Amino acid sequence: MATTDEKPVPAPESRFTVSPLTLAADRWMGRLIRIGGVGVVVAVLGMLGFLIFQVFPLFVGAKVSPTSSLAVPAEAVAFGEDEYGEFPFVVRRDGSILFQRAKDGTKLLEWTPALGERRVTAIRSYPRTGLVFLGLSDGAVQEVRVVYRSTFDDAGKRTVEPVVTPLEPVAIGRAGLPCVDVWDAKGPQSRLLLVRQEEGGKPLLTAVRLTERKGLGGKGKVTVSAPFVVAADAASVDQVLLPSTAESLLVIGRSGEVRAYADDGTAFTFLQSFTPFKGAADPAVAAAGLIFGNVSVVLVDRAGAQQVWSMYPQLQPDGKSLRRWGKIHEGEPLAGAGQGIYAAVGNKCYLAAAAGRLQLINMTTGTVRWEGPAPAAPLRQVAFAGGYDRITALTADGQLHRWAIVDHHPESSWRTFFGKIWYEGASAPAYAWQSSAGSDEFEPKYSLVPLFYGTVKGTFYALLFALPIALTAAVYVSQFLRPEYRQVVKPVMEVMASLPSVVLGFLAGLWLAPLVDPRLVSLFCAIGILAPAALSAGFLWSVLPQPVRRQVKPGMEFLWLLPFLALCAWAAWQAGPAIESCFFTVKDTATGLPIADFREWWRQTTGATYDSRNSLVVGFVMGFAVIPIVFTIAEDALSNVPDSLVSGSLALGASRWQTVWSVVVPTAVSGIVSAVMIGFGRAIGETMIVVMATGNTAVMDFNPFSGMRTLSANIAVELPEAAAGHTHYRALFLGACCLFLLTFVLNTVAEILRQRLRERYKVV
Amino acid sequence: MPSLMTPPSTSRIQVRPAAEREGRKDYISIRDYGFWYGQKKALEAISLDIPERQVVAFIGPSGCGKSTLLRNLNRMNDLVDGIRHEGDITINGRSIYDPGLEVISLRRRVGMVFQKSNPFPKSIFENVVYALRVVGVRDRALLEEACETSLRKAALWDEVKDRLDDSALGLSGGQMQRLCIARAIANRPEILLMDEPCSALDPIATGKIEELIHELKEQFTIVIVTHSMQQAARVSDRTAFFYLGKQIEYDTTEKIFMNPSQAQTEAYISGRFG
Amino acid sequence: MQRFFHDELRQLRDDLILMGERSLDMTRLVLRAVEQGDDSLALQVRGMDDRVDELEKRVDREIMRYLTLFGPMGSDVRLLLAARDIGHDLERIADEASVIAKRAMVISERGPLKDLLHVPAEGIIACEVLRLAIDSFIEGDLAKARLVLQRDAEIDALNRRNYEELFGKSGDSAKVSASHVELIFISKALERIGDHSKNIAEQVIFLLSGEDVRHAR
């Protein structure tokens, strides 16, 4: 309670007050900084989220949903349809063709063959080409072409009108015997028509070639060759698989033996025979189907076991490498006996029907992309249509079932990107990246493993070169060099760090690689001599008498060392050719004369490849990109080691080198680790140098004289040509995602390691 | 209970009087010594003899050159740019600037303890045996023995014997400084230089270090630089007072603090300086 | 924590105790010399005084050294301050003993005195009080120190009676001889010894409790 004689407390307004502006600025800056901090985290997470968002569809299976079914005559045995599936037709047993509107089943057109005495005994329809082949009772075959003609009226309304054009029957089989089955295929030069007949219970396969000579104007005359018997040596014929290219033929016997024939231009000669389910209780093949591309066949036995056989180069006993059939996969067994294998068009998927189930399987990866119930009635014919949009199936109960497929990435699975896969046509399972090629039937290969490998390889060679130089330089500059020189060296190195890597890559690819290429041995000698030269210089220095040594100020020794080293390197460079001719002389394969060439020597001695733009060049130049940052950070860490520790060590009678090695370096180790890790991160993410200075081949070897393809370079090279939303596009994003995670994990590990080390070596 | 009434402890090491300890009177002999950092003259005409196995304290205000002189005794200033000296310093009759004498071997004979305790970021054990490791001792038994001996001498053994493999950085400030002393002792030096060894320590740790100095002078010649005149008075046998790079007075500690012959010394020790 | 320089305090204390014992010995011896008229004893006592003077100088030197070098605090300061006074009082006691010895020799020159009045009793009490004072210092016994303060009055009383019996109203001045005058001086010296003992006890109280009891009523 204030008494009157106490000094009055100064009124608040008489004190100095903080201006509201200052307070507001303080508040707002605090918020701004918080927003910035959160923003960084959000940006990084957003980036990861975006990558995952792009990659996620790769790992979603196919969605196949039944859309509609159309009642067709029960005696329909085959079907065909237009591209949109609006006006399907069915072929009845008697060869008549009935067109119906898919929407409501209304009959559009009916066509009946005019055959006279002859009957239709075999029918085959190729929905994709609109060709229907009618095998006749006398062994002849009539080809019927179905074309949908679209017309547009004035209002732009489309009217589709099917047109049926029957051709003259062609006599193929033995006259008088009815056709049992008929196949058609279009080879590069001619078409092949194949019929199957039964003669006294024995199968008889006869074929003709139809060659169309194209005249100058329009259609030429079709020449029909003399019928010739194929696969006459097959004991029994259960199924015949005729590839759409007509270059070969697979005949599957009842015993489960598959006999392969190849077209040699005149006849189908026997190629090889194999029995896929040899060891099984019932070796018979229940269902078989050629996969898109015609070099792989899926075989299913009666127990549901699946095998994939493919043609690939195999070493024959006589030493030649010939393309022969061989087993490349064993798929997951189906639920029961195979009822049919139906290949998709445009990719390597097939629909396998067994025991009332349908499975959509990718042949290459063996992944079941979809599984669902099959229609109750037996399947008569199944076809993929509209690319890979739709499956249509004709069942024995006169129903035309339809399924819609939503499967954007049929070839993707974890195995595709990370597993070892035996691609068809390859001799062995492999990790391969080959995203595009000239042909449609080519199967893109998206293994990220060679890219990881290339990334690791490039990083390894870069760090092999960069780390020793950067770290020893950091130790030298921070601990031994006089401060006035240090003040020059440090900024110069920092400027080096800002060199655009595209410039380095450009130099590497266009200047260094050609320069180094012929003088490789010289280069090795020059680099190799540096360390021994430096060490011997050190030794010579130590034996010099004290008075001479006193002439040179401590920290100035390098003025003597540098010319000495330059001289040694120059001498070694000059001696290179002599050394090359001493040790690396080989016989030139072209001329047979002995030549001194390291590159040739390397190829012949190790069997490995030699590329002019190789890992060494990349390592060297990438090293240049990495050295400045590693140097700068390591130098900072080393310089920050308190002088008191250095003095403490020196005062105990340790030499400078002992001090550096046992006190300075361990104390700075956390900083050195972060320097190495940042260099590591830089090398992993480095793109332009790798793009420009390597061949960008996705190889899987550590050969220093071959190139590589890194994850980052891969993205840079291929993203422009990848169609958005495509598997290729998403695979590149997956690569980016992996790169992100790789660096994230590495940095996290490095940070944890650094924290531990810092805790351990923290200086109070 | 006043300390007067405490019964005399029997376990204490009996300290022999200085007279018994005395060895060579001019064990360290500094003659007309001058020292320059570049153009700046840091020391001028220093001449003093430090007897064997005694504690000599250097006192004086900051910048008086006492630390410079101390650091020159084991040539720790060699790394500084542009240094120059005149006159000579001999230890046991041999000049420390003898061209045949490696500076490393000089530092092995003249150990040093710094103002700020500077244990290496290693285990306690590795810290103590560092000097032995540096000369290439690999025999584990030898190292362990040296470690124990040194730690005992530094009165630290009982406190750390169970955690020799722990980081030295986990010790308290006083323990760290004693560890640094143990580390210097392990080198078996003849002379221990101490550059304000207690300036960062609390009174108890300081007391322990001073006790240690008192005991170590049985074996070592100790030169200590200190800002605390009380400390100089407590631990040293002789005291040198420096001012502006000059040696003002050098005498027995009692004489310096009770009845200095120089007015400047009197002013400094009585706090009437400047 | 015991510091190495605490040894010096112990040394100082030991020296003080030695001084006390010496002074007490001198007092006892000189009393015997007075009672027995033994000149040789008196001479011996006079010789002992130099030793105590030496000790006082040593104690003073030690106190000064300690104050200069070791920056004492708390009880150490009190000990050093008290030690200086105690040393001084003990030296004074030794001086008084030496004075008594001189008087005793004068008396015995003139022939022995039959009647020593209350001097022997006074001497016994003085010795007891001194003993008590020294013990209170050695043992750090506050009770003993306070007892000294009380018993000092006994010595004062005896000294007064000695004086009154010779020169008081009831006194028989005819009896007074030159020797008696000497005896009065001896009595006075004993009374001084008592006072010094009392001073020592006051210092011990100050040392032990920090309380200043000088000039208290």
I need the Debye-formula profile for the protein assembly as shown: one equal scatterer per C-alpha, no solvent, reported as log10 I(q)/I(0) at q = 0.06 1/Å, two decimals.
-0.81
Express the carbon and sulfur contribution to the solvent-accessible surface of chain A as a percent, rounded to the nearest whole number, probe 1.4 angstrom.
63 percent
Cα lying deepest toward the dipole's positive end in the range B:28-269, options B:Val80, B:Tyr268, B:Tyr250, charges on Cβ
B:Val80
What aspartates and glutamates does A:Lys490 reach when the alpha-carbon gap must be under 19 Å and sequence neighbours fewer than 8 apart in one chain are set aside?
A:Glu557, A:Glu635, A:Asp636
Can you list the lysines whose alpha carbon is less than 30 Å from that of A:Lys63, not counting same-chain residues fewer than 8 positions off?
A:Lys103, A:Lys327, A:Lys348, A:Lys420, A:Lys445
Residue-level accessible surface for A:Ser647, protein heavy atoms, 1.4 Å, Å²
20 Å²
Residue-averaged beta-carbon neighbours from other chains (10 angstrom radius) around C:2-11
5
Return the subset of B:Lys116/B:Lys217; A:Lys157/A:Lys221; A:Lys202/A:Lys278 for which the Cα-Cα distance in this structure is over 28 Å, preserving the input order.
A:Lys157/A:Lys221
Between chains B and C, the summed loss of accessible surface on complex formation, probed at 1.4 Å and reported to the nearest 100 square angstrom, is 1900 Å²
Just how large is the dipole of the range A:449-760 about the Cα centre, in debye to the nearest 20, putting +1 at every Lys and Arg Cβ and -1 at every Asp and Glu Cβ?
640 debye
Anchor C:Lys102: aspartates and glutamates whose Cα lies under 15 Å away (excluding residues fewer than 8 positions away in-chain):
C:Glu35, C:Asp38, C:Asp39, C:Asp49, C:Asp50, C:Glu182
Short version: ³J(HN,Hα) in whole Hz for each residue of the range A:268-281, in order, from phi by Karplus 6.51 cos²θ - 1.76 cosθ + 1.60 (θ = phi - 60°), x for Gly and Pro, what are they?
8, 9, 5, 9, 6, 9, 8, 10, x, 9, 4, x, 6, 4
Which of the residues in the range A:519-547 lose at least 20 Å² of accessible area when you go from the chain alone to all protein chains together (probe 1.4 Å)?
A:Gln546
In what sequence, largest accessible area first, do A:Tyr312, B:Tyr37, A:Tyr84 appear using a 1.4 Å probe?
A:Tyr84, B:Tyr37, A:Tyr312
For the range B:166-274, what % of the accessible area comes from carbon and sulfur atoms, probe 1.4 Å?
47 percent
Got a sec? What order do A:Leu499, A:Leu652 fall in by accessible area at 1.4 Å, biggest, i.e. largest, first?
A:Leu499, A:Leu652
Find the accessible area per residue for the protein assembly as shown; the probe is 1.4 Å, ligands and nucleic acids are left out, and the unit is Å².
47 Å²
Gyration tensor verdict on chain B (Cα atoms; rounded if a/c is under 1.5, prolate if a/b is larger than b/c, oblate otherwise)
oblate
Principal axis lengths of the range C:57-96 from Cα atoms, whole Å, largest first?
34, 17, 6
Compute the Cα gyration tensor for the range A:449-760, then decide on rounded, prolate or oblate, letting a ≥ b ≥ c be the square roots of its eigenvalues: rounded whenever a/c is under 1.5, prolate when a/b is larger than b/c in the other cases, and oblate in all that remain.
oblate
Which whole number gives the average count of other chain Cβ atoms within 10 Å of the Cβ atoms across peptide C:136-142?
1
Please give the solvent-accessible surface of A:His408 in Å², to the nearest 10, using a probe radius of 1.4 Å with every protein chain present.
140 Å²
Summed buried accessible surface, chains B and A, 1.4 Å probe, nearest 100 Å²
2200 Å²
Per residue of B:113-119, how many C-beta atoms from partner chains lie within 10 Å of its own C-beta, taken as a mean?
5
Given the -39500 (n - 2.57) contribution per DSSP H run of 4+ residues, what per-residue ellipticity at 222 nm results for chain A, rounded to the nearest 500 deg cm²/dmol?
-11500 deg cm²/dmol
Cut-off under 5 Å, modelled amide H: who pairs with A:Leu334 long-range
A:Ala305, A:Gln306
Excluding ligands and nucleic acids, what accessible area in Å² is computed for C:Asp7 using a 1.4 Å probe, to the nearest 10?
50 Å²
Going from most exposed to least, what order do A:Lys457, C:Lys198 have by accessible area with a 1.4 Å probe?
C:Lys198, A:Lys457
Under the rule a/c < 1.5 gives rounded, and otherwise a/b versus b/c splits prolate from oblate, where does the range A:496-580 land using the Cα gyration tensor?
oblate
Which semi-axis lengths, in whole Å and largest first, follow from the square roots of five times the eigenvalues of the Cα gyration tensor of chain C?
35, 19, 11
HN-Hα J in Hz across the range A:191-206 - Karplus 6.51, -1.76, 1.60, θ = phi - 60°, x for Gly and Pro:
9, 10, 10, 10, 10, 10, 10, 10, 10, x, x, 9, x, 9, 10, 10
May I ask which of A:Lys762/B:Lys66; C:Lys57/C:Lys144; B:Lys25/B:Lys208; B:Lys153/B:Lys208 have a Cα-Cα span longer than 20 Å here?
A:Lys762/B:Lys66; C:Lys57/C:Lys144; B:Lys25/B:Lys208
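The values are calculated or read from the model by the stated rules, or taken from the named source; none is laboratory data. On a predicted model such as this, the values are computed, not experimentally measured, just so you know. Glycine also receives a Cβ, built like all others from the backbone with ideal geometry; neighbour counts cover every protein chain displayed. Calculation scope for accessible area: heavy atoms of the full protein, side chains included, ligands and nucleic acids excluded. Shrake-Rupley method; radii C 1.70, N 1.55, O 1.52, S 1.80 Å.
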